[in-house]
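A.B. asks: Structure provided below as structure tokens; questions to follow.
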Amino acid sequence: YGGMAEAGYETTVDARAYAWSRETRTQHDAWATLLRAVHDDAVHDALVEALHGLDVVGVMGGHALERGSSDYADAARLGHALAAADRAVLTGGGPGAMEAANLGAIADSPADVEAALARLTEVPSFRPSIDDWAALALSVREDLDVADGDARSFGIPTWFYGHEPPNVFCDGIAKYFSNALREDVLLARSTGGLVVLPGAAGTVQEIFQAATPLYYAPDDQPLPPLVLVGLEHWTETLPVWPALLALGTGRPLAEALHLVATPEEAAAIVLA
């Protein structure tokens, strides 16, 4: 977001990288393909190094969740509960539930979380103005006065969804051009478990992508929990849960699957 205050979001490196990735000539240019691949490989190496030795819990959820909603606040409190228990929180690095979880993880106390939530309601969404949305978040982050110490909030966004801006509440942001690589890294690095908040198509994709290695895992391999939050959402609105139960029948996967009503219940399972 460097330079946004002076000349607007469209002039930032983030926005210009997205614009470059969308240019027709770069999409079929071998040199541009090489640049994107080298970038993603370097970012991947840096992320692996940053997460080394940490107990990482992934938090997934919809990008459309607005600041000021009860679900946004619940996601932020979940992120804080995980970080307070010495977990590193890893998200897709975007807005909505991802921003909320990163915010909670980077805040030093529950009081800081609540104060930040109250301020962020002034700009509920990055639509229509990314500038206003990001500027408020940067101001809130500055007021949080994040203490130096162990990193505990990470985001992995992608320019594949470059119209969605990255959130600023992270100790580290690893942004990829390849969404396929980004998704794989996000799930593979969530070795301490995965909490899935209500979402739509992208979140559903992540659920089954996470379930696949658990399905094929050896019988003697301990499996991290896969916790879905939202009884009605995952059984009626988007009935993913019955399919997961069917996949888990007779396999160790069944023991890793959990469906709960609240983020508090999810945190208790992951932290057990």
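The values are calculated or read from the model by the stated rules, or taken from the named source; none is laboratory data. The structure displayed is predicted, hence computed values, not measured ones. No Cβ is skipped: glycine too gets one built from the backbone with ideal geometry, and neighbour counts run over all protein chains shown. Note: accessible area is taken over every heavy atom of the protein model, side chains too, but ligands, DNA and RNA are not part of it. Shrake-Rupley method; radii C 1.70, N 1.55, O 1.52, S 1.80 Å.
A.B. asks: All other residues with a Cβ under 15 Å from the Cβ of PRO242 taken together, and with Lys, Arg as +1 and Asp, Glu as -1, what is their net charge? Intermediate results must be reported in sequence, preceding the final value.
C.D. replies: Numbers: positive: none; negative: GLU232, GLU236.
Every neighbour counted, the sum reads -2.
A.B. asks: Relative contact order (percent) for the chain, with alpha-carbon contacts under 8 angstrom and 6 or more residues of separation? Walk me through the numbers before you get to the answer.
C.D. replies: On the way: 475 pairs, mean separation 50.8, N = 272.
Normalised by residue count, the contact order of the chain is 19 percent.
A.B. asks: Got a number for carbon plus sulfur as a percent of segment 25-115's accessible area, 1.4 Å probe? Intermediate results must be reported in sequence, preceding the final value.
C.D. replies: Details: 2140 of 3800 Å².
Carbon plus sulfur share of accessible area: 56 percent.
A.B. asks: Follow-up question, since we're still on this one. Given a 1.4 Å probe, how much area per residue of the chain is accessible, in Å²?
C.D. replies: Details: 12610 Å² over 272 residues.
Per-residue accessible area for the chain comes out at 46 Å².
A.B. asks: So what's the net charge close to HIS39: Lys and Arg +1, Asp and Glu -1, counting the other residues with Cβ under 14 Å from its Cβ?
C.D. replies: Working: positive: ARG16, ARG36, LYS175, ARG182; negative: ASP14, ASP40, ASP41, ASP45.
Charge balance near HIS39 sits at 0.
A.B. asks: Around PRO263, what is the net charge, scoring Lys/Arg as +1 and Asp/Glu as -1 over all other residues with Cβ under 13 Å from its Cβ? It would help to have the intermediate numbers written out before the result.
C.D. replies: On the way: positive: ARG77; negative: ASP71, ASP74, GLU264, GLU265.
Around PRO263, the surrounding residues sum to -3.
A.B. asks: Need one number: % antiparallel among DSSP beta bridges in the chain, to the nearest 5.
C.D. replies: Numbers: 0 of 19 bridges.
Among the beta bridges of the chain, antiparallel pairing accounts for roughly 0 percent.
A.B. asks: Once the piece of chain linking ASP108 and ALA46 is laid out straight, how much longer is it, given 0.36 nm per residue of separation minus the C-alpha distance between them? Can you show the working numbers first?
C.D. replies: Working: separation 62, 0.36 × 62 = 22.32 nm, distance 2.50 nm.
Difference between extended and current length: 19.8 nm.
A.B. asks: Here's something else I'd like to know. Using only alpha carbon pairs under 8 Å that are at least six residues apart, calculate the relative contact order of segment 178-272 and give it in whole percent.
C.D. replies: On the way: 106 pairs, mean separation 29.8, N = 95.
Answer for segment 178-272 is 31 percent.
A.B. asks: What nm value, rounded to one decimal, do you get for the distance between GLU255 and LEU35 when each label is placed 7 Å out toward the C-beta?
C.D. replies: For the pair GLU255/LEU35, the computed spacing is 5.0 nm.
A.B. asks: Sticking with this structure for a sec: Which of these values of log10 I(q)/I(0) by the Debye sum over Cα atoms at q = 0.07, 0.14 Å⁻¹ was calculated from the structure shown: (i) -0.24, -0.98; (ii) -0.27, -1.08; (iii) -0.34, -0.98?
C.D. replies: Evaluating log10 I(q)/I(0) by the Debye sum over Cα atoms at q = 0.07, 0.14 Å⁻¹ on these atoms matches (i).
A.B. asks: Oh, and also: Order 238-244, 99-105 from most to least packed using the mean count of other Cβ atoms within 10 Å. Don't jump to the answer; show the numbers that get you there.
C.D. replies: On the way: 238-244: 15.7, 99-105: 32.6.
Peptide ranking by packing, descending: 99-105, 238-244.
A.B. asks: Any idea what Rg and Dmax come out to for segment 29-85 if you just take the C-alpha atoms, in Å?
C.D. replies: Rg then Dmax for segment 29-85, in Å: 17.0, 47.
A.B. asks: Nearest 500 deg cm²/dmol is fine: what mean residue ellipticity at 222 nm does the chain get from its DSSP H runs of n ≥ 4 alone, each adding -39,500 (n - 2.57), divided by its residue count?
C.D. replies: Numbers: 13 runs with 137 residues, N = 272.
Using -39500 (n - 2.57) per qualifying helix, the result is -15000 deg cm²/dmol.
A.B. asks: Ranked highest first by the average count of other Cβ atoms within 10 Å around their residues, in what order do 151-163, 179-191 fall? Working shown, then result.
C.D. replies: Working: 151-163: 21.7, 179-191: 18.9.
Order by mean packing, descending: 151-163, 179-191.
A.B. asks: Pulled fully out, how much extra length does the chain show between ALA272 and GLU122, if you take 0.36 nm times their separation in residues and subtract their Cα-Cα distance?
C.D. replies: Values: separation 150, 0.36 × 150 = 54.00 nm, distance 3.63 nm.
That pair, ALA272 and GLU122, stretches by 50.4 nm at full extension.
A.B. asks: Oh, and also: Using just the Cα positions, wrap segment 125-202 in a convex hull and report its mean projected area in square nanometres, one decimal place.
C.D. replies: Averaged projected area of segment 125-202's Cα convex hull equals 6.4 nm².
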